[in-house]
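Enquirer: A single structure is presented below for examination.
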Amino acid sequence: MNRLSLAMLAALALQGCAGANHAPDEALPVEKVYASSQCSGLEQPETVWIADAAAWRRRYAQMMNLQITPPPLPVVDFSHDGVLLIAMGQQTTGGYGLNLAGTSATVREGVLTVRVEWREPLPGYAQTQVMTSPCLLVKLPDRAFSRIWIVDQEGRVRLEGVR
Amino acid sequence: MKLTISGRALLIGTVFGLLLQACGGGGGSDSPSPPPPPPPEQKYTLSGVVRPAAGAAIDSDVNDPAAPYQANDAVADAQPIPNPVTLGGYANQPGSGPPGRSRIVGDSMDFYRVNLLADQALNLFIANDGVRNDLDLGLYDLAGKLLDASVSQSRVESLTVETSGDYLVVVQATRGASNYVLTIGQSLAATSEGMRLSDHFVLGEAVVQFQDNAAITTTGTLARAHTLKLTAQSRQEAQERSRLVSVNDYRELLQSTAAAACIPPVLPESSIPPSEELQVRLETLCMVKDLNRDNAIRSASPNYLRATQLVPNDPLYSFQWHYPQMSLPQAWDLTTGTDAIVAVIDTGIVLSHPDLQGQLVAGYDLIKDPGNALDGDGIDPDPTDVGDRSNPDGSGSFHGTHVAGTVAAATNNSVGVAGVAFGAKVMPLRAVGRFGGSLYDIEQAVRYAAGLSNDSGTLPPRRADVINLSLGSTGSAASEQATLDQARAAGVIVVAAAGNSQTSTRFYPAAYSGVIAVSAVTLSKTLASYSNFGSWIDVAAPGGNTATDLNGDGKPDGVLSTVATDAGGTLANDYVIWQGTSMAAPHVAGVAALMKARAPNLTPQQFDNLLISGAMTEDIGVTGRDDQFGYGLLNAYQAVAAASEQPVDPTPILAVSPSALNFGTVLNSQTLTVLNGGTGNLTVNSPTEDSGGWLSVEPTQIDANGLGIYTVSVNRAELADGVYSATLTLASSANTVQIKAIMQVANDLSAGAIGYQYVLLTHPDTGETVADATVTQQTDGGYTYTFSDIPVGTYEIFAGSDSNNNFLICEAGESCGAYLTTDEPVQIKVDHDQSGLDFVSGYTVNLADFQSVSEDEDGTTGKGLSRSQTRQVGTVR
């Protein structure tokens, strides 16, 4: 969807719901459940919402298959929470980092925004020559959002996704 | 040497003799004047002595009634024999073999008593086929307890002695009859089929294949096999194949409660049974032998347990496809890298990882900036990888631990993974931190590793032999090239990852001159999609591709090695599969360490020369050097083998010949030649020895450096009977060589060590026996012989025993000699009396003779020289 149509929908929604209770801008508690620089199968940069246990199990197993002793599947109660996958995509060296910035995410006008520290290797330094694919998985309450933005420490939108 | 027989050799000779005599006389007649009678034929006498060869002995009870006889059929009568020894003998089951002393009553066991040294080899060479005439070899202690046995149906049985001591060695005729030669201590490279109690096989099992047979019989072994579901037909299979048969199945199949004749577990007068396990082992092997004898069975063998050193027991080794890809297991046969040091300049190391214990030497942390180091300080002696916060949650990558594991993870320790040069040590040098590695810090780490002055203010106790740099950037500096030049000049081989940028743009430090640049290949030996390439690539090694699982082992096709994780704040050790030229480089660094272990003087230039010559690699890609793989995919085995043959500049090597001294029972001195087998200068110290007095070494003709000829002497005076060994040590300015010397004192030698000798005069061209000598045995073990009335002619002289009494001497297993040597008998021109025609008779073993199967049923080989039959009469004792 482009922004224009989204704005029109939002306007219509607002009009259609005049007087009804709709969710205000909300700060959602967000918690990291897994992070690694070697997330197998995540060669493309993307952000994906995982809404049910079966999908979570599948995703998790795929990501772990480089490790001999993967940590156990983190427990998520999908009756009220979901998991957001944030993948930087395949990188050619070490030195990339992806951390959760802050303890909350926001939902505004149907857009979930998560702030991250998005690090890339500093120029001028030699880097380790291992292929990496960093990812960060966070748990947060399920809300009515249809778009996802991953924003870095400078406010740039690094990843966009849809639900 | 094979002498063809002629059964009628004697007959012809006799006729010839008669004719000569008949022609001697003659008379006149009334015909015109008869021709004058020919002058009387001149006859001559030939004589000499046949001496026993050194180290020869004879079974004191053979089949030849003319031979001296002393029974050795029981523990109490065990025949003492020398060591080392080559002994000829004969054994037969009652009713088997040629007529003679033991044919009817049998001589099924020969007992010998001997003092043996650990690691000596016992070999039994069987003259006959080994199957219908099957001899077995047993080793018992003096009380008669079974210790080991070799019970195959081949023509050679062999055992190795585990501990020094006094033993009974028993030769048994399990079936039929045969001459034999038993050697002790001689290092003949004979091997038997492996039917030894001490071999590794599953107890109580045999691997059996039945004969292809379409018809099901109602009785017999095959019928029983069918009932037991051991045949193809009983299982609806198209073809016969191997089956596993247990001892119970065997008893059912062959309808027997115990294995037929096999070496006895308990000797007749002994009451000491062997250990329970040994009894089961013996039963298993005897069962296999029995099965092999049954016509319904095509083949039977023990269920051998094969252990090869090439497969480490590390549980995750099977996932490390990248090692067999470069023929690494074969290289481990040659070396595992002992004494080599590989510096891994990286993020540091997790010292506590279980699979790196014992694999490290002290390292250093060369990171100057505490903000990069994250360990609270700048340069310090602790190379611990505190984590570079490179993971999204702030945990560390522990990249250095993965690289170090590829170089030298502890191997065959039942833990984790294997490493390339697990006999070597890793020097962990930390130069990569949170931001990466600064070029300056990396340079300091290279200097430290190479034993060059550096910002740490210290030097390692011993410099590294190899440096691995699984890092880089496109930036370069003249100072860095200069440092690498110095490291190379100091003798260090520097290896670096080519980079993962999928480009030919030069990547450093790999692209510096003098550094080995390593590109990455996948499991299918193609260039990994991420790998750099270009004119500066030197060699390729496994880096992997984790997007595939081409070998179907359930794991992504990357490089598996040691790692740690500290997600959630707790450090945990683990193993992980990664891909990258970071993974390829340590394979090369590890192989360089293997090469250095094998050729310690190998220089970086020589390494380069070997690489350029193609000796170290499998040429993949375009033939010859190419930009993807450089000189090819590294082959560890070829690389190590090539390094071993590399001539190194002037390297002296102490070489001593012979490599062992065997004085036997009679030799008093031998010469030792001491040389420089390499190049350059070598000085040898005075030899030392540890005999305690009976051995001495004196220079006979040596130069100022101690090279030349020495005489090694032994003195048996006042020593008790027995076998003595000592070690001579020659130290030099290069290596040290040790020579083992063995000597026997045997004052109680049995006379006739080569057996009763028959001495024959033969025709050189036909090999036919012309005459038998009169032979007298001497007290010193020699035999004097005389040929009388020998007409003018050219002849050869042979001597030998006839242990099996089939009137042929010089058969396999019998002693043999010829004037002057058995290999090239001298043709004697007889036209006057001759004496002093002395020569040696002894036992020889020609391995080729024992590798073919002889077909004779009646216990003879059909090869040998025939001796007189008439000699036999009147000499029965």
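Only the coordinates and a few stated rules stand behind these numbers; no lab work does. Here the structure is a predicted model, which is why all the values come from computation and not from measurement. Cβ atoms come from the backbone with ideal geometry, glycine included; neighbour counts cover every protein chain shown.
Enquirer: If you count, for each residue, the other Cβ atoms within 10 Å and average over each peptide, how do B:321-332, B:194-205, B:369-380 line up from highest to lowest?
Expert: Answer by packing, highest mean first, reads B:321-332, B:194-205, B:369-380.
Enquirer: For the range A:25-162, compute the orientation-averaged projected area of the C-alpha convex hull (one quarter of its surface), in nm².
Expert: 8.5
Enquirer: What is the average number of partner chain Cβ atoms found within 10 Å of a Cβ in A:116-124? Walk me through the numbers on the way to the answer.
Expert: Details: counts 1, 2, 1, 5, 0, 4, 5, 4, 6.
Mean inter-chain Cβ contacts per residue within 10 Å come to 3.
Enquirer: Calculate how large, on average over all directions, the projected area of the Cα convex hull of the protein assembly as shown is; give the answer in nm² to one decimal.
Expert: Numbers: hull surface 259.4 nm².
Approximately 64.9 nm², given one-decimal rounding.
Enquirer: Taking other Cβ within 10 Å of each residue's Cβ, how do B:473, B:561 sort, fewest first?
Expert: Least crowded to most crowded, the residues run B:473, B:561.
Enquirer: Now for a separate question. For the range B:317-644, what class follows from the C-alpha gyration tensor (a ≥ b ≥ c being the square roots of its eigenvalues): rounded when a/c is under 1.5, otherwise prolate if a/b is larger than b/c, else oblate?
Expert: rounded
Enquirer: Further question: If you count, for each residue, the other Cβ atoms within 10 Å and average over each peptide, how do B:798-809, B:630-641, B:73-84, B:475-486 line up from highest to lowest?
Expert: In descending order of packing, they fall as B:798-809, B:630-641, B:73-84, B:475-486.
Enquirer: Follow-up. Please find the FRET efficiency linking residue B:824 to residue B:236, where r is the Cβ-Cβ separation and R0 is fixed at 60 Å, and quote it to the nearest 0.05. Numbers along the way, then the final one.
Expert: On the way: r = 64 Å, r/R0 = 1.07.
For R0 = 60 Å, the calculated efficiency reads 0.40.
Enquirer: Further, regarding this structure: What lysines does residue A:32 reach when the alpha-carbon gap must be under 18 Å and sequence neighbours fewer than 8 apart in one chain are set aside?
Expert: Straight-distance partners of residue A:32: A:139.
Enquirer: I need the semi-axes of the equivalent ellipsoid of the range B:62-184: take the C-alpha gyration tensor, multiply each eigenvalue by 5, square-root it, list largest first in whole angstrom.
Expert: Working: eigenvalues 104, 51, 29 Å².
Listed largest to smallest, the semi-axes of the range B:62-184 are 23, 16, 12 Å.
Enquirer: Work out the mean other chain Cβ neighbour count within 10 Å for the residues of A:90-101 and drop it here as an integer.
Expert: Partner-chain Cβ atoms within 10 Å, mean over residues of A:90-101: 6.
Enquirer: For chain B, what relative contact order do you get, as a whole percent, if you take Cα pairs closer than 8 Å and at least 6 residues apart?
Expert: Reported as a whole number, the value is 15 percent.
Enquirer: Straight-line reach only, C-alpha to C-alpha below 30 angstrom: list the lysines that residue B:145 could link to, leaving out same-chain residues fewer than 8 apart.
Expert: In chain and number order, the partners are B:289.
Enquirer: For the peptides B:733-744, A:67-78, B:583-594, what is the packing order when you average, over each peptide's residues, the other Cβ atoms within 10 Å and list the highest mean first?
Expert: Final packing ranking: B:583-594, B:733-744, A:67-78.
Enquirer: If the cut-off is 25 Å between C-alpha atoms, which lysines fall inside it for residue B:425, apart from same-chain ones fewer than 8 positions away?
Expert: B:596
Enquirer: Follow-up. Provide A:135, B:262 in ascending order of the number of other Cβ atoms located within 10 Å of each residue's Cβ, fewest first.
Expert: In order of increasing Cβ crowding within 10 Å: B:262, A:135.
Enquirer: Taking the Cα centre of the range B:654-745 as the origin, how large is its charge dipole in debye, to the nearest 20, when only Lys and Arg (+1) and Asp and Glu (-1) carry charge on their Cβ atoms? Let's see the in-between values first.
Expert: Working: 2 positive and 6 negative charges, 35 e Å.
The calculated dipole for the range B:654-745 is roughly 160 debye.
Enquirer: Tell me the mean residue ellipticity at 222 nm calculated for the protein assembly as shown from its helices only (DSSP H runs of n ≥ 4, each -39500 (n - 2.57), averaged over every residue, nearest 500).
Expert: -4500 deg cm²/dmol
Enquirer: Rg to Rh ratio, chain B, alpha-carbon atoms and Kirkwood radius? Write out the running numbers ahead of the final one.
Expert: Working: Rg = 36.8 Å, Rh = 33.1 Å.
So for chain B, dividing Rg by the Kirkwood Rh gives 1.11.
Enquirer: Sorting B:443, B:269 on the 10 Å Cβ count, fewest up front, what's the list?
Expert: Working: B:443 24, B:269 9.
Ranked by crowding around the Cβ, least crowded first: B:269, B:443.
Enquirer: In degrees, nearest 10, range 0 to 90: what is the angle between the Cα axis of helix A:53-64 and the longest Cα principal axis of chain A?
Expert: 30
Enquirer: Continuing with the same structure: Where Lys and Arg each count +1 and Asp and Glu each count -1, what net charge lies around residue A:152 among other residues with Cβ under 11 Å from its Cβ?
Expert: Summing Lys/Arg as +1 and Asp/Glu as -1 gives +1.
Enquirer: For residue A:51 and residue B:362, what is the calculated FRET efficiency with R₀ set at 60 Å and r taken between the beta-carbons, to the nearest 0.05? Walk me through the numbers before you get to the answer.
Expert: On the way: r = 53 Å, r/R0 = 0.88.
The calculated FRET efficiency here is 0.70.
Enquirer: Magnitude of the Cβ-charge dipole of chain B, K/R +1 and D/E -1, about the Cα centre, nearest 20 debye?
Expert: Dipole of chain B, to the nearest 20 debye: 740 debye.
Enquirer: Please work out whether the range B:479-582 counts as rounded, prolate or oblate from its C-alpha gyration tensor, where a ≥ b ≥ c are the square roots of the eigenvalues and a/c under 1.5 means rounded, while otherwise a/b larger than b/c means prolate and anything else oblate?
Expert: Verdict is oblate for the range B:479-582.
Enquirer: Test of understanding: express the Cα radius of gyration of the range B:375-490 as a ratio to 2.2 N^0.38 Å, with N the residue count.
Expert: 1.13
Enquirer: Net charge near residue B:764, counting Lys/Arg +1 and Asp/Glu -1 over other residues with Cβ under 14 Å of its Cβ?
Expert: On the way: positive: B:829; negative: B:765, B:768, B:796, B:824.
Net local charge, residue B:764 excluded: -3.
Enquirer: Hey, rough spin-label estimate for residue B:832 and residue B:200, points 7 angstrom out along Cα→Cβ, what's it come to in nanometres?
Expert: About 6.9 nm separates the two model spin labels.
Enquirer: Hey, another quick one. Over the Cα atoms of the range B:654-745, how large are the radius of gyration and the largest Cα-Cα distance (Dmax), in Å?
Expert: According to the Cα coordinates of the range B:654-745, Rg and Dmax are 13.5, 46 Å.
Enquirer: Same structure again: Between 0 and 90 degrees, rounded to the nearest ten: what's the tilt of helix A:3-16 against the longest Cα principal axis of chain A?
Expert: Helix A:3-16 and the main axis of chain A meet at about 40 degrees.
Enquirer: Mind checking B:552-558 for the average number of partner chain beta-carbons within 10 Å of each residue's beta-carbon? Mind dumping the intermediate values first?
Expert: Numbers: counts 0, 0, 1, 3, 4, 0, 5.
Mean shielding count: 2.
Enquirer: Which whole-number percent is the relative contact order of the range B:62-184 (Cα, under 8 Å, 6+ apart)? If you can, show how the numbers build up before the last one.
Expert: Numbers: 324 pairs, mean separation 42.6, N = 123.
Relative CO of the range B:62-184 lands at 35 percent.
Enquirer: Only loop residues by DSSP count here, and only those with at most 11 other Cβ atoms within 10 Å; note down the GluC sites (Glu not before Pro) in the range A:86-157 that meet that.
Expert: A:154
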